[in-house]
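A short worksheet on the structure shown next.
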Amino acid sequence: MKRRSVTMTDGLTADKVTRSDGCPTSTSLPRPRDSIRSCALSMDQIPDLHSPMSPISESPSSPAYSTVTRVHAAPAAPSTTALPASPVTRRSSEPQLCPGSAPKTHGESDKGPHTSPSHTLCKTSPSPSLSSYSDPDSGHYCQLQPPVRGSREWAAAEASSRQARSYGERLKELSENGAPEEDWGKTFTVPIVEVTSSFNPATFQSLLIPRDNRPLEVGLLRKVKELLAEVDARTLARHVTKVDCLVARILGVTKEMQTLMGVRWGMELLTLPHGRQLRLDLLERFHTMSIMLAVDILGCTGSAEERAALLHKTIQLAAELQGTMGNMFSFAAVMGALDMAQISRLEQTWVTLRQRHTEGAILYEKKLKPFLKSLNEGKEGPPLSNTTFPHVLPLITLLECDSAPPEGPEPWGSTEHGVEVVLAHLEAARTVAHHGGLYHTNAEVKLQGFQARPELLEVFSTEFQMRLLWGSQGASSSQARRYEKFDKVLTALSHKLEPAVRSSEL
């Protein structure tokens, strides 16, 4: 025997009505069944206030949403007594039997598309919850229907499900089902892991260097010195910044490059595991730039006044890179050249600088050096609105500590504040990765209308500098070997300019 789905209040009401029909003293109540039915129909006309809060996009884990009552047709003859509807206000999620439907046989109950085997839905009820919770196939109420694709409810459910799923699950879904309609054109492509450097000195087509050259050719060094002396420090800073942004993929990034990288900008690639080759290339460029500038200063074999003037212009270049261009990468490279032991030991040159170019000496000692120290310690940085190339050298050195050449004590080598410095640079990496588009925009604004000279762009290219310093054959040797040999060359040039004073002569 099948049970009928009624509520407790319906049962009590039906019991009261039956008693009132049988009691002779209940004649004063005017047709209680009709009034109960009209009350239920009136309640059905009220808009469903609970429907927006119904969990249509969630699984019915709560018992409140899992009370599904199936009503099947009884094989016996239909009862002659119909249960009246309850006058109690019905919830939107509660089922309701149509009060006005006549009893039907088993054959007639299957004609309508929205009928169940034992009852008919009330056609006069406009309640949205009733139609949404009825299921014609399974024949039961309270079925939670999924939202329509493209609706607001579907979008909210999709967003919450994406947040709940892991990254690997989303990638697996994309590979199996493809990208959704709103993500068309944004399908995931596995990035290419670069294993070779973007610098290839052997195939470098130069305007200044012959196909085969020796290290530190005198004629080539003289040509470079003339090119650097022809323009002011700001023009030099613009040429350096343009080449830097191209190497670091801040400028000149095509759609194909973005697809291969897996990200939009090189600053984001720096922080990822498959960006190791870009980090190594930037380390190569940083040290090669510093060595070339040091050779330019140490190669000045004239008087101390000439070397002091060249020092002053180099300090101006650092100031332009830091202030005007917002290029912290080459700013650190220029400051690294000025801080080399082979240059800092030239006492006569620095004394002449303080005497002839006092403002440059003060700028270097009081502003540029403290600012670089704050950058290395992660305490201070330039404003984002003025930055084209952030200070990523400490981050690269941390990530590539096995490949970075030694540069003396690191700022995080202190036992007191070492951990704080490391955490500061790791936190700054988030900012660097997040603002790749801002650096791109700033670089475009800084270089807008700039007419670069091809010869100067070549002088500041890494391939040219490698060929200039180590020759066509030595440029392809290992990095550690190249740096070790050239450190000895710089030391010899420095001692040739200002020989060391013996202790017996003091």
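The values are calculated or read from the model by the stated rules, or taken from the named source; none is laboratory data. A quick note: this is a predicted structure, and the numbers were derived from the prediction, not measured. Counting neighbours? That spans all protein chains shown, and the Cβs are built from the backbone with ideal geometry, glycine included.
Checking each residue in region 333-375 for being surrounded by 15 or more Cβ atoms within 10 Å (Cβ to Cβ) and either of a type in the set (S, T, N, Q) or touching an Asp or Glu at 6+ places or on another chain (Cβ under 6 Å) (or both) picks out Q342, L346, T349, T352. Only one entry of A309, A237 meets the criterion of being surrounded by fewer than 22 Cβ atoms within 10 Å (Cβ to Cβ) and modelled with pLDDT of 95 or more, and that entry is A309.
With respect to being touching a Lys or Arg at 6+ places or on another chain (Cβ under 6 Å) and either surrounded by fewer than 20 Cβ atoms within 10 Å (Cβ to Cβ) or under 28 Å from R482 (Cα atoms) (or both), Q258 fits the description. For region 168-212, a residue qualifies if it is charged (D, E, K, R) and either within 30 Å of D244 (Cα to Cα) or modelled with pLDDT of 90 or more (or both), and the qualifying residues are K186, E194, R211, D212.
The residues of region 319-348 that are in contact (Cβ under 8 Å) with a residue 60 or more places away in the chain, more than 12 Å from R238 (Cα to Cα) and of a type in the set (S, T, N, Q), listed by number, are Q342, Q348. Could you tell me whether E359 is assigned to a loop (DSSP other than H, G, I, E, B) and out of contact with any Pro (no Cβ under 8 Å at 6 or more places or on another chain)? No, not satisfied.
The single residue among R264, R249 that is under 19 Å from E284 (Cβ atoms) and surrounded by 16 or more Cβ atoms within 10 Å (Cβ to Cβ) turns out to be R249. For region 438-486, a tally of residues being charged (D, E, K, R), more than 19 Å from A229 (Cα to Cα) and touching a residue at least 40 places away in the same chain (Cβ under 8 Å) returns 4.
All conditions but one from (1) touching a Lys or Arg at 6+ places or on another chain (Cβ under 9 Å); (2) closer than 24 Å to M335 by Cβ apply to A237; the one that does not is (1).
For first residues located in region 305-316 and touching a residue at least 12 places away in the same chain (Cβ under 8 Å), partners that are hydroxyl-bearing (S, T, Y) and part of a helix (DSSP H, G or I) and lie 6+ apart or on another chain with Cβ distances below 7 Å form the pairs E305/T352; R307/T349; A308/T349; A308/T352; L311/T349; I315/Y364.
Within region 188-221, the set of residues being small (G, A, S), under 18 Å from Q473 (Cβ atoms) and not in a loop (DSSP other than H, G, I, E, B) comprises A202 only.
Any idea which of R264, R279 is basic (K, R) and in contact with an Asp or Glu (Cβ under 9 Å, 6 or more places away or on another chain)?
Working: R264 fails: in contact with an Asp or Glu (Cβ under 9 Å, 6 or more places away or on another chain).
None of the other options fit; the residue is R279.
Given the structure, is T288 modelled with pLDDT of 95 or more and buried (at least 19 other Cβ atoms within 10 Å of the Cβ)? So T288 passes the test.
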